[in-house]
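Q: I am attaching a structure below and will ask some questions about it afterwards.
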2 protein chains.
Amino acid sequence: MNIGIVGLGLIGGSLAKAYKKAGATVLGSDQNNLTTEFAKMAEAIDGELDEAHFSKCDVIFIAITPVEAIKWMEQNAPRLSRETIIIDCCGTKRNVCKAGYDMARRYGINYLGGHPMAGKEKGGFKHSSADLFDDAPFILVPDDHNNLNLMCKVKKILQMAGFGRISFSTAEEHDKVIAFTSQMPHIVSNGFIKSKTAILHNKNMVSAGSYKDFTRVAYLDEKMWTELFIENRDNLGAELAALIAELQKYQQALEDNDPEELIRLLKEGKECKSKVDKLCDLNSLEVKQEKSSKATASS
Amino acid sequence: MNIGIVGLGLIGGSLAKAYKKAGATVLGSDQNNLTTEFAKMAEAIDGELDEAHFSKCDVIFIAITPVEAIKWMEQNAPRLSRETIIIDCCGTKRNVCKAGYDMARRYGINYLGGHPMAGKEKGGFKHSSADLFDDAPFILVPDDHNNLNLMCKVKKILQMAGFGRISFSTAEEHDKVIAFTSQMPHIVSNGFIKSKTAILHNKNMVSAGSYKDFTRVAYLDEKMWTELFIENRDNLGAELAALIAELQKYQQALEDNDPEELIRLLKEGKECKSKVDKLCDLNSLEVKQEKSSKATASS
């Protein structure tokens, strides 16, 4: 199996290490030549990925930002083979998938949008690791949901890197959901830590788990996230507006010194959490059943 | 060592189990007789704590809500011994400490405010466990910071239950800081999960760590938290207002399609996170040094 990787940051670097560990041959490139050289020296890649090698790759992962990914596809589409599967790893999907689907139709290439749901607070090749994707979800955004053959192949390739559940989505649904599940925690965490009390608490007191959980992702690459936020500004703006409106209700109840209203609001949130968790449990039950039936089948 | 515990919920139940494990004799009581009986049967307590046993206790922990704790102290102060240390475990401190200090002065009792910084999403005796406080912080709020003798004694008693860092605070500072570090994550998490997208995401896609961290504490006991929120409404209201104002800046930058402003806002948050983390590291360095010098001294 030959794997090509464009961009050797946290995601690309971790993909390289994971596929190397799984026994694949990995070719990679980064816009920063030093990173490419370092990845070679660290044996995360077997060699540099250049145009001459494109057609040797079974898959090429594009692990750069959406704007760069679109540029890369526009420049390189004519040199890509029909035998190579192209998967981008961008955190927003509508723009990059539109460009990818167009390219795929024009040049007869196999392209799927993708989103590996894993990360760390700090990016770059130096923070990449072979186990970043162990049991992590991967969302695939194919143009043609009927191409089962292609999707089965891709699923197996992703499982080689350690991914657990592979799920499927449209670009529109992906971007709507991701605004809530990933972009919002990052933006709220980043805003939350700006409270003047943040400094005070560390001088004098230690804090419990909820604070740690809440501020874990406040540290982020502001340029990368800005690109993703701006791309998804319709969905993210709607989520922000909804949260602000909700927080204003709690604020009003506190201002009114109204415990009944506060109880009602908190109970409502508790019930939502319960409902969502039940759906989550059902989902993971499905995954477990899928995995155990696979284990039974292969035993 | 004889430990008395008033209230056998998550905190009181876990204290009981931790002290039993450490070899102490534990007497406990709960307003629900069935809970007291169950705790006896589960051998979390050696017997029921009633008035007749108050004077036998080296310490009595009051692990009920602030309003109930104040009521308990008013009712029982005349029957408490000067030899027994009284520590409440309430999540807000100004009201309960004022009542406790008054009682202590009037009856010559040793009372300290306290806050064990540990918890679980689900409360009650059935979720209590002997290891809940392992290495957890405990904030002590003594009236007289000069009574070193008493504070040293209390520190040792708390370490028996597994607590790691014991820190000291005033009631005012505690309530200000706790509004940010603990109450805010609970209220924001509880509001966040109400997004209409919450249900959608579970039907179709799994989520990464940031979502899980962000919604962990959305499930909460609405009555207990309402009492704590209302008690601390000045501090909590100010934190909520600050976060809403901050989120509105991101919202405006998205609405204006202004990546420069968004980069500036995210960088500002990243720098705050860095600064606060550095202070945290210094704090935990101090704790480690304290622990290692203790280990050296005892070896």
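Q: Scan the range B:80-131 residue by residue and report those that are surrounded by 24 or more Cβ atoms within 10 Å (Cβ to Cβ) and charged (D, E, K, R).
A: Within the range B:80-131, B:ASP88, B:LYS93 meet the criteria.
Q: Against the conditions (1) open to solvent by less than 10 Å² (accessible area, probe 1.4 Å); (2) under 17 Å from the mean Cα position of the chain (by Cα); (3) among the polar types (S, T, N, Q), where does B:THR65 fall short? Just the number, please.
A: (1)
Q: Continuing with this model, one more query. How about the range A:1-119: which helices (runs of 4 or more DSSP H) wholly inside it have at least 3 residues that are free of Cβ contacts under 8 Å to residues at least 24 places away in the same chain and either outside the structural domain of A:ILE178 (by TED's automatic domain parsing) or not charged (D, E, K, R) (or both)? Write out each step before concluding.
A: Values: elements: A:10-21, A:33-41, A:66-76, A:94-107.
The helices (runs of 4 or more DSSP H) meeting that bar are A:33-41.
Q: Of all residues being open to solvent by 20 Å² or more (accessible area, probe 1.4 Å) and at pLDDT below 95 in the range A:154-169, which is nearest to A:PHE38 (Cα to Cα)? Just the residue, please.
A: Within the range A:154-169, the match that is nearest to A:PHE38 (Cα to Cα) is A:ARG165.
Q: Of everything in the range B:8-38, what is within 27 Å of B:PRO78 (Cα to Cα) and of a type in the set (A, V, I, L, M, F, W, C)? Give them in sequence order.
A: Result: B:LEU8, B:ILE11, B:LEU15, B:ALA16, B:ALA24, B:VAL26, B:LEU27.
Q: Could you tell me whether the range B:276-298 includes any residue that is modelled with pLDDT of 95 or more and assigned to a helix (DSSP H, G or I)?
A: no
Q: Take B:LEU262 and tell me if it is modelled with pLDDT of 95 or more, within 8 Å of chain A (Cβ to nearest Cβ) and closer than 30 Å to A:LEU266 by Cα.
A: Taking the combined requirement at face value, the residue does not satisfy it.
Q: Let me ask something additional. If only one of B:LYS249, B:LYS194 is open to solvent by 10 Å² or more (accessible area, probe 1.4 Å), under 20 Å from A:ASN235 (Cα atoms) and more than 7 Å from chain A (Cβ to nearest Cβ), which one is it?
A: Details: B:LYS194 fails: more than 7 Å from chain A (Cβ to nearest Cβ).
When all the criteria are applied, what remains is B:LYS249.
Q: I'd like the full set of residues that are β-branched (Val, Ile, Thr) and surrounded by 21 or more Cβ atoms within 10 Å (Cβ to Cβ), limited to the range B:215-243.
A: B:THR215, B:VAL217, B:THR226
Q: Within the range A:2-35, can you find the residues that are surrounded by fewer than 19 Cβ atoms within 10 Å (Cβ to Cβ) and either out of contact with any strand residue (DSSP E or B) (no Cβ under 7 Å at 6 or more places or on another chain) or hydroxyl-bearing (Ser, Thr, Tyr) (or both)?
A: Across the range A:2-35, the qualifying residues are A:LYS21, A:ALA22, A:GLY23, A:THR25, A:GLN31, A:ASN32, A:ASN33, A:LEU34.
Q: Right, next: Looking at (1) within 14 Å of chain A (Cβ to nearest Cβ); (2) within 24 Å of A:ILE199 (Cα to Cα); (3) within 16 Å of the chain's Cα centre (by Cα), which is the only condition B:PRO142 fails?
A: Evaluating B:PRO142 over (1) within 14 Å of chain A (Cβ to nearest Cβ); (2) within 24 Å of A:ILE199 (Cα to Cα); (3) within 16 Å of the chain's Cα centre (by Cα) leaves (1) as the failure.
Q: Then there is this: Within the range A:136-145, how many residues turn out to be farther than 16 Å from A:ILE11 by Cβ and either open to solvent by 70 Å² or more (accessible area, probe 1.4 Å) or part of a loop (DSSP other than H, G, I, E, B) (or both)?
A: So the answer is 3.
Q: Kindly provide the set of residues from the range B:197-213 that are farther than 15 Å from A:GLY91 by Cα, modelled with pLDDT under 85 and open to solvent by less than 10 Å² (accessible area, probe 1.4 Å), ordered by number.
A: Hits for the range B:197-213 are B:HIS201, B:ASN202.
Residues are listed down the side, and each one gets a yes or a no for (1) hydrophobic (A, V, I, L, M, F, W, C); (2) facing chain A (nearest Cβ under 7 Å); (3) farther than 17 Å from A:LYS212 by Cβ; (4) touching a helix residue (DSSP H, G or I) at 6+ places or on another chain (Cβ under 8 Å):
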| site | (1), (2), (3), (4) |
| --- | --- |
| B:GLN159 | no, no, yes, no |
| B:VAL177 | yes, yes, no, yes |
| B:SER182 | no, yes, no, yes |
| B:TYR211 | no, yes, no, yes |
| B:TYR219 | no, yes, yes, yes |
| B:MET224 | yes, no, yes, no |
| B:LEU228 | yes, no, yes, yes |
| B:ASP234 | no, no, yes, no |
| B:LEU240 | yes, yes, yes, yes |
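The values are calculated or read from the model by the stated rules, or taken from the named source; none is laboratory data. Remember, it's a predicted structure, so these values are computed and weren't measured experimentally. Note: ideal-geometry Cβ built from the backbone for every residue, glycine included; neighbour counts use all protein chains shown. Surface accessibility is based on the protein's heavy atoms, side chains included, excluding ligands, DNA and RNA. Shrake-Rupley method; radii C 1.70, N 1.55, O 1.52, S 1.80 Å.
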